[in-house]
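Just so it is clear, none of the values below were taken in a lab; they were calculated from the coordinates. Note that this is a predicted model, so its numbers are computed, not measured. Don't worry about glycine lacking a Cβ; one is built from the backbone with ideal geometry, like all the others, and counts go over all protein chains shown.
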Amino acid sequence: TISVSAFLLNRSSDLLVDPPLDDIQINRILSVKLDEFTRNVKVILGSELCTILPQNCIDALISFSYNLGCNSLKKSTLLKKIRADKNDLPAIKAEFMKWVYAGGKVVKGLQRRREDEFEMYLQGILSQYTKRELIKMYMGI
């Protein structure tokens, strides 16, 4: 769920606008914010990482940052793990799954979101390899 008011007011309360925003205006606002997050994430990743990471991986990190803020990504062990080895999928999944808590409790919606983000990241990594290469990697050949 995306809270338009959170973007407009930098808080999550309901926004009362008179007249109310229409779908076109809301989509424009969200598009501008998404472009902003995309630019910020690419700056955090740096040109080298942006070059070697498939787009799905970058998209997963944009989604992560969109939900948690760019500073969370910038300071995260998730980013450190990706920088160390973008293919260390068990470690990267574990790092995504650390971000499922609110008030000290697991939130199912956050858990689903992190699983979806990891799945997007995984698809990006797997898209770089042929089936034969994946089998060799998996079998340690």
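From the helices alone, meaning DSSP H stretches of at least four residues, give me the mean residue ellipticity at 222 nm for the chain, per-run term -39500 (n - 2.57), in deg cm²/dmol to the nearest 500. Don't skip to the answer; put the middle values down first.
Values: 8 runs with 99 residues, N = 141.
-22000 deg cm²/dmol, from helical runs alone.
Quick check on my link table: of K33/K105; K33/K86; K33/K75; K74/K136; K42/K75, which ones sit more than 25 Å apart, alpha carbon to alpha carbon?
Details: K33/K105 29 Å; K33/K86 27 Å; K33/K75 21 Å; K74/K136 33 Å; K42/K75 15 Å.
Over 25 Å apart, Cα to Cα: K33/K105; K33/K86; K74/K136.
State which helices in the chain qualify, where a helix is a whole DSSP H run, it must extend 18 Å or more along its own axis by its Cα atoms, and its mean Kyte-Doolittle hydropathy must be at least 0.0.
Answer set is 23-52, 55-68.
Relative to the present Cα-Cα distance, how much length would full extension add between D116 and L34 at 0.36 nm per residue of separation? Each step should come with its number before you reach the end.
On the way: separation 82, 0.36 × 82 = 29.52 nm, distance 1.79 nm.
Length gained, D116 through L34: 27.7 nm.
Can you pull the semi-axes for the chain, root of five times each eigenvalue of the Cα gyration tensor, sorted largest first, whole Å? Numbers along the way, then the final one.
On the way: eigenvalues 206, 58, 38 Å².
Listed largest to smallest, the semi-axes of the chain are 32, 17, 14 Å.
Just tell me which aspartates and glutamates come within less than 18 Å, Cα to Cα, of K98; anything on the same chain fewer than 8 places away is out.
Cross-link targets: D88, E115, D116, E117, E119.
What is the log10 of I(q)/I(0) for the stretch 56-139, computed with the Debye formula using one identical point scatterer on each Cα and no solvent, at q = 0.19, 0.21, 0.25 Å⁻¹?
Listed by q, the Debye log ratios stand at -0.83, -0.98, -1.28.
Label I26 and A94 with points 7 Å out from Cα along Cα→Cβ: what is the distance between them in nm?
The two pseudo-label positions are separated by 4.1 nm.
Under 8 Å for C-alpha pairs, at least 6 residues apart: give me the relative contact order for the chain, rounded to a whole percent.
On the way: 98 pairs, mean separation 30.7, N = 141.
Reported relative contact order: 22 percent.
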